[in-house]
Amino acid sequence: MKSYVQDAHANKQINIISSFVENGLSDVEIARKLTDMELKNLAKEGGGWAGSDIEKIRNTFNLNVSEGFEIAKSAEPVKIQKELEVTIINIKMPFDSMVIFMVKWVLASIPAFIILFFLGVFVFAVLGSFFSRY
């Protein structure tokens, strides 16, 4: 493994990128592969990869690009999608805002109750037709 920097983790990522470049992958394809491998971008706060990140690494460390290789760029970083678990402990809200929120909540639930009412009428009509004596 070639040594580019002192940080072993960063050096490993650069070597992986170098091997992908040697295999002829575009910058965007490399970014997707790194995301699939769940490797976080150490230079970005969110840890996501974009083609421009790969291009910067290639240029910084003079990673060779094979002939006929077209560099693809992406304006949007490839995002790491993981499920996050969140627990809400407390909500601090002024009383008047809480009242307005609750009124909106009640108004928003009215269409749901109407739908449930008609669904119940339909279910009872179907069940009533099965159990009627006529």
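The values are calculated or read from the model by the stated rules, or taken from the named source; none is laboratory data. Quick caveat, the model's predicted, so the values are computed rather than measured. For neighbour counting, all protein chains shown are included, and Cβ atoms are generated from backbone atoms with ideal geometry for every residue, glycine included.
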Exercise. What are the residues in the stretch 1-22 that are surrounded by 12 or more Cβ atoms within 10 Å (Cβ to Cβ), among the small types (Gly, Ala, Ser) and under 14 Å from Leu42 (Cα atoms), if any?
Worked result: Ala10
For this session: Please verify whether the stretch 50-58 includes one or more residues that are in contact with a Pro (Cβ under 7 Å, 6 or more places away or on another chain), surrounded by 11 or more Cβ atoms within 10 Å (Cβ to Cβ) and modelled with pLDDT of 85 or more.
Result: yes
Exercise. How do the pairs read when you match residues in the stretch 35-62 that are more than 16 Å from Val5 (Cβ to Cβ) with residues anywhere that are modelled with pLDDT under 85 and among the hydroxyl-bearing types (Ser, Thr, Tyr), using Cβ under 6 Å and keeping only pairs 6 or more apart or on different chains?
Worked result: Ala50/Ser74; Gly51/Ser74
For this session: Kindly indicate whether any position in the stretch 80-91 is surrounded by 10 or more Cβ atoms within 10 Å (Cβ to Cβ) and either in contact with a Phe, Trp or Tyr (Cβ under 9 Å, 6 or more places away or on another chain) or modelled with pLDDT under 80 (or both).
Result: yes
